[in-house]
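Everything below concerns the one structure shown next.
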Amino acid sequence: MIDPRMSNHAYHERDEISSSDVKAASKSLAHWKGAVRSETPALALGTGFHELTLEPDEGRVIRGPETRRGKAWSEAKEEAEAQGKVLLTQGDYDICNAMAESALRHPRVASIVRHPSAMIEHSIFVTCPETGLGLRCRPDCYVKEGGLLLDLKSTLDAGPSEREFQKHIWSYNYDLQMAFYRYVLAIEKLPVTHCIFAAVEKSPPYAVGVHVLSNGVLDYAHQRMMNILRRIKKAQDEQSYPTDWPEVNIIELPEWLKAKEQ
């Protein structure tokens with residue numbers, strides 16, 4: 001099922017397994033089961049960046065007071081929540097706006113986001129044919145023509161090297177996220193040929209890096225993702241959510257410290 005109009009709030013109230021669940025479970029089943037979604041300034045900034053890039057005309061981002069302190073902020077926050085909008089400080093709003101403008105100046109990003117048939121933040125719900133688990137995803141942008149799947153990322157470093165944006169892919173399991181999206185879309189009969197990250201830096205010059213995951217990365221991530229789904233299903237059936245950590249962990253002297261002493 002595809003719902004093009006479901007709100008972000010309503011989507012996150014659903015119980016189906018999401019890519020966030022898969023990423024949490026990659027650490028342990030206990031971390032997945034005990035995860036609590038909470039709004040932070042960083043999360044609000046990321047949401048604001050997405051909204052201003054993908055659907056700026058919807059007016060879902062509000063430029064609020066200068067700081068998050070005081071009555072002016074609390075009142076503005078209450079009003080924004082009642083309207084289902086994102087409230088940002090003046091500084092954060094200006095950063096998000098600059099990031100969005102930079103993203104849309106990039107010809108590859110603009111051609112995807114502004115494609116006439118682009119599916120922007122559509123909520124997709126399927127059933128995993130192997131595990132029977134309900135799955136959900138809400139891709140930033142999907143274009144069926146060409147099988148383009150685009151995910152926006154706000155980052156400190158959007159560069160192409162292994163020490164730049166690539167390290168964030170492995171640190172934050174972005175590969176698992178893309179593999180999960182691709183799997184859900186495939187079940188919904190929506191082919192994905194290219195999995196693309198548009199990474200935008202959060203400080204001037206708000207540089208944009210476009211990164212495409214290779215088939216090798218996606219195949220590896222798909223296997224990890226399927227193993228995690230199987231573990232989630234088993235955990236639900238058995239009502240057991242362990243960390244799988246040893247009862248006691250022995251800390252040994254690391255090799256780098258041995259080398260330093262020598």
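Quick notes
- Residues D237 and L156, FRET efficiency given R0 of 45 Å [Cβ-Cβ distance, rounded to 0.05]: 0.65
- Shape of region 1-114, Cα gyration tensor, a/c cut at 1.5: oblate
- Sequence-distant lysines (8 or more away, or on other chains) whose Cα lies within less than 23 Å of K258: none
- Subtracting the Cα-Cα distance of A110 and L253 from 0.36 nm times their residue separation leaves 46.4 nm of extension gain.
- For the chain, Kirkwood radius (reciprocal of mean inverse C-alpha pair distance, Å): 20.1
- In this calculation the C-beta distance from S74 to A10 is compared with R0 = 25 Å, giving a FRET efficiency of 0.55.
- Heavy-atom surface analysis with a 1.4 Å probe gives the chain a carbon and sulfur content of 50 percent of its accessible area.
- Dipole magnitude (debye, nearest 20) for the chain, charges at Cβ of Lys, Arg, Asp, Glu: 220
- Only helical runs count toward this figure. For the chain, summing -39,500 (n - 2.57) over DSSP H runs of n ≥ 4 and dividing by all residues gives -14000 deg cm²/dmol at 222 nm.
- Spatial offset of region 147-193 relative to region 198-262 amounts to 14 Å, using the alpha carbon center of each.
- For the residues P116, P65, P139, a GNM of the chain with alpha-carbon springs under 10 Å puts the largest fluctuation on P116.
- Debye intensity ratio in log₁₀ form over the Cα atoms of region 87-202, taken at each q of 0.13 Å⁻¹: -0.58
- Computed over protein heavy atoms with a 1.4 Å probe, the accessible surface of region 1-133 works out to 55 Å² per residue.
- Cut-off 14 Å, label 7 Å out along Cα→Cβ of Q90, residues of region 30-67 by amide N: 63-67
- Local net charge near N173, Cβ-Cβ under 10 Å (Lys/Arg +1, Asp/Glu -1): +2
- Between S171 and A82, the contour length at 0.36 nm per residue exceeds the Cα-Cα span by 28.5 nm.
- For region 223-262: rounded, prolate or oblate by the Cα gyration tensor [a/c cutoff 1.5]: oblate
- Approximating the spin labels as points 7 Å out from Cα along Cα→Cβ, the E164-to-S28 distance works out to 3.7 nm.
- Computed over the chain with a Gaussian network model linking Cα atoms closer than 10 Å, the most mobile of K202, K77, K189 is K189.
- All aspartates and glutamates inside 16 Å of K167 as judged from Cα atoms, apart from same-chain residues fewer than 8 positions distant: D157, D175, E201
- Average Cα contact separation per residue, the chain, under 8 Å, 6 or more apart, as relative contact order %: 22
The values are calculated or read from the model by the stated rules, or taken from the named source; none is laboratory data. Just so it is clear, the structure is predicted and the values come from calculations on it, not from any experiment. Heads up, the Cβs are rebuilt from the backbone with ideal geometry, glycines too, and the neighbour counts pull from every protein chain shown. With ligands, DNA and RNA removed, areas are computed over all heavy atoms of the protein, side chains included. Shrake-Rupley method; radii C 1.70, N 1.55, O 1.52, S 1.80 Å.
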